[in-house]
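As structure tokens, the structure follows; a few thoughts come after it.
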Amino acid sequence: MMSTQDFTAGNAPTITHNESANRFETTIDGHTGYISYQERGDKLVYDHTIVPKELGGRGLGTALVKHALDYARAHDKKVVPQCSFVASYINRRPEYQDLV
């Protein structure tokens, strides 16, 4: 049975840091969504946010970006939002604008 969990209602998915692949990821029902990054000194360049169509429309991309930005803050990193989804997320949330 496919999960239809909505991640916008505070039901955060389990997101892991796959350091060897330079990404934060979660796998649900056999489908993996992720946000990838490149490390450049004290900056994290977030370059792609990928959510498979099977998991779309449930806030998974938002949960991945929030997790990645919280990671950057916790590790005193600045963020380069190369991915338009990440840039849009930051633009709509003043609490993350100090990271850029």
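Summary of values
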{"item": "The stretch 48-70 - residue that is touching a His at 6+ places or on another chain (Cβ under 7 Å) and not hydrophobic (A, V, I, L, M, F, W, C) and, of those, surrounded by the fewest Cβ atoms within 10 Å (Cβ to Cβ)", "result": "E54"}
{"item": "Residue count, the stretch 50-73 (criterion: in contact with a Leu (Cβ under 6 Å, 6 or more places away or on another chain) and not in a helix (DSSP H, G or I))", "result": "1"}
{"item": "Test: residue in the stretch 79-91 that is open to solvent by 10 Å² or more (accessible area, probe 1.4 Å), outside any helix (DSSP H, G or I) and free of Cβ contacts under 8 Å to residues at least 12 places away in the same chain", "result": "no"}
{"item": "Filter pass, R93 being modelled with pLDDT of 95 or more and out of contact with any Leu (no Cβ under 7 Å at 6 or more places or on another chain)", "result": "yes"}
{"item": "Candidate set: the stretch 1-20, residues that are small (G, A, S) and either in a strand (DSSP E or B) or open to solvent by 50 Å² or more (accessible area, probe 1.4 Å) (or both); chosen: the one modelled with the highest pLDDT", "result": "S20"}
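The values are calculated or read from the model by the stated rules, or taken from the named source; none is laboratory data. Note that the coordinates shown come from a computational prediction; the quantities given were computed from them, not determined experimentally. Positions of Cβ are generated from backbone atoms using ideal geometry, with glycine treated the same way; all protein chains shown enter the neighbour counts. The area values use the complete protein model at the heavy-atom level, side chains included, leaving out ligands, DNA and RNA. Shrake-Rupley method; radii C 1.70, N 1.55, O 1.52, S 1.80 Å.
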